Every structure is written in C-alpha cells, then in structure tokens.
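Only one structure is covered here, and it is reproduced in the block below.
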C-alpha cells in the first residue's frame, strides 16, 4: 500500500478516491481541535480529510490543517455556494465536496480548478456531472438513496462512473460498499467520534483511522 508520505496531492476527483479507503467527514466545533485531529488521522494512515463547513469553525479549521499538517490532503465539505468555493480556496483547501450540484455552484467549483467531488443521488444528476467530464463523484445521501443495491444497478448503464458514497456509512457497511467495482472509497464520520474529539482522545482517533486504512477495496 502506498504510504501517506508518498501520496501526491490529487489533481482530479478520481485521484482523490485512491488516497484512502475512507475519507473522514469531520465536523470541527473548536478550531484548536483541527490540527491534532488531522495529525491523529495521519498517524493512523489516513492521508485525506474533508472538513465540513457545518460549523463556524470549519473555515478556520481548513486553513489551520492546510498550513500546519502538510502531509494531509485537506478538503472542504458541505460547500453549498460559489462564495464558499472562493473562501475555502483562499483558506488553502485542496479539494471540494458538495452535497449536490446546482448549476451556479457547479460552475464556480469547476472554475476553481480544484478537484471536485460533486454530490449526486439520481441517474440524471450523475449523467449531468459526467457531461462536465466528472467521472468520479460523491453519492449522497448513500443509504437513504438506495445504498449498495442502487450503486449495483447504476453500474449497468453507467459503468464508467466511480463513486464515494457518503451518508449512513459505518464500520458495519463500509466493506459492502468498498467491494463494489464502481466505488473507490467511502466517506464517513465514524473515524472522529464527537466524544473522542471533545475529550482530545487522539489515540482513539488514530486507532479508528488505522482500522479504516486497512479496509480492503
């Protein structure tokens, strides 16, 4: 397996999917948590992080991780507006994750030049992203949208597309998704449990990352 230190910064969405079996989806409440959290993930062998903009600390957390944890591929998640695209790019984000792909947001994200995991939950949305030369995308919300069986069905008419399913992914079902030929990785929040982060239990985060990095795909 390629080590985190050897992983080049991804230039495309397809390369993002290859960094780790799991992309941690992280909600940061206190910006001071961001760097030690990212360092714990990195020690566990997970060299990619999606810091969401769901809290006021999100943007500053992206800036801190991007500046202070150079071995980490740092992305911005829950990006929902063109203004946020510009803000996270200035903060040093290396990739974007959106929950959906409306025209204005998609245009801004593509124009940023950053790798993009745009969200799609239907065949039409997936085909629309493919028309923009996006062959890898986020499948969200995965479990609520049909889960593993839906992606199996999608592989028939759209065998060229690859996905990062996110939403309802846990240790119990991650391997089922990763076994699919059209899944490159999954997104999940279980690597950074809220209680562990609040307590600064970085050893627990590191161990969860180590387990995630060892998932077969």
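The values are calculated or read from the model by the stated rules, or taken from the named source; none is laboratory data. Just so we're clear, the structure is a prediction, and the values are computed from it rather than from any experiment. Neighbour counts are summed over all protein chains in view; Cβ atoms, including those assigned to glycine, are modelled from backbone coordinates with ideal geometry.
Please specify each residue of segment 167-217 satisfying the condition of being within 13 Å of residue 24 (Cα to Cα) and touching a strand residue (DSSP E or B) at 6+ places or on another chain (Cβ under 6 Å). Listed by number, the residues that qualify are 169, 174, 185, 186, 187, 188, 189, 191, 192, 212.
Please verify whether segment 192-215 includes one or more residues that are under 16 Å from the mean Cα position of the chain (by Cα) and closer than 17 Å to residue 126 by Cβ. No, segment 192-215 contains no residue that is under 16 Å from the mean Cα position of the chain (by Cα) and closer than 17 Å to residue 126 by Cβ. Only one of these is within 21 Å of residue 18 (Cα to Cα), surrounded by 16 or more Cβ atoms within 10 Å (Cβ to Cβ) and in contact (Cβ under 8 Å) with a residue 40 or more places away in the chain: 188, 147. Name it. Sole residue among the options that is within 21 Å of residue 18 (Cα to Cα), surrounded by 16 or more Cβ atoms within 10 Å (Cβ to Cβ) and in contact (Cβ under 8 Å) with a residue 40 or more places away in the chain: 188.
On the basis of being farther than 23 Å from residue 51 by Cβ and more than 17 Å from the chain's Cα centre (by Cα), does residue 176 make the cut?
It is true that residue 176 is farther than 23 Å from residue 51 by Cβ and more than 17 Å from the chain's Cα centre (by Cα).
When segment 192-207 is filtered for residues that are in a helix (DSSP H, G or I), surrounded by 15 or more Cβ atoms within 10 Å (Cβ to Cβ), touching a residue at least 60 places away in the same chain (Cβ under 8 Å) and in contact with a helix residue (DSSP H, G or I) (Cβ under 8 Å, 6 or more places away or on another chain), the ones remaining, listed by number, are 197, 202, 205, 206. Looking at 151, 129, just one residue is touching a strand residue (DSSP E or B) at 6+ places or on another chain (Cβ under 7 Å), under 20 Å from residue 217 (Cα atoms), modelled with pLDDT of 95 or more and assigned to a helix (DSSP H, G or I), and that residue is 151.
To keep it simple, each residue is scored yes or no on (1) part of a helix (DSSP H, G or I); (2) under 18 Å from residue 12 (Cα atoms).
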| position | (1), (2) |
| --- | --- |
| 60 | yes, no |
| 76 | no, yes |
| 84 | yes, no |
| 87 | yes, no |
| 90 | yes, no |
| 96 | no, yes |
| 107 | yes, yes |
| 111 | yes, yes |
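All conditions but one from (1) free of Cβ contacts under 8 Å to residues at least 40 places away in the same chain; (2) under 19 Å from residue 166 (Cα atoms); (3) buried (at least 18 other Cβ atoms within 10 Å of the Cβ) apply to residue 115; the one that does not is (1). Answer yes or no: is there a residue in segment 177-191 that is part of a helix (DSSP H, G or I) and at pLDDT 95 or above. The answer is yes, given that some residue of segment 177-191 is part of a helix (DSSP H, G or I) and at pLDDT 95 or above.
Answer yes or no as to whether residue 65 is modelled with pLDDT of 95 or more, surrounded by 23 or more Cβ atoms within 10 Å (Cβ to Cβ), within 13 Å of residue 32 (Cα to Cα) and in contact with a helix residue (DSSP H, G or I) (Cβ under 6 Å, 6 or more places away or on another chain). Yes. Can we say residue 26 is buried (at least 24 other Cβ atoms within 10 Å of the Cβ) and either at pLDDT below 95 or under 17 Å from residue 94 (Cβ atoms) (or both)? Yes: the conditions hold for residue 26.
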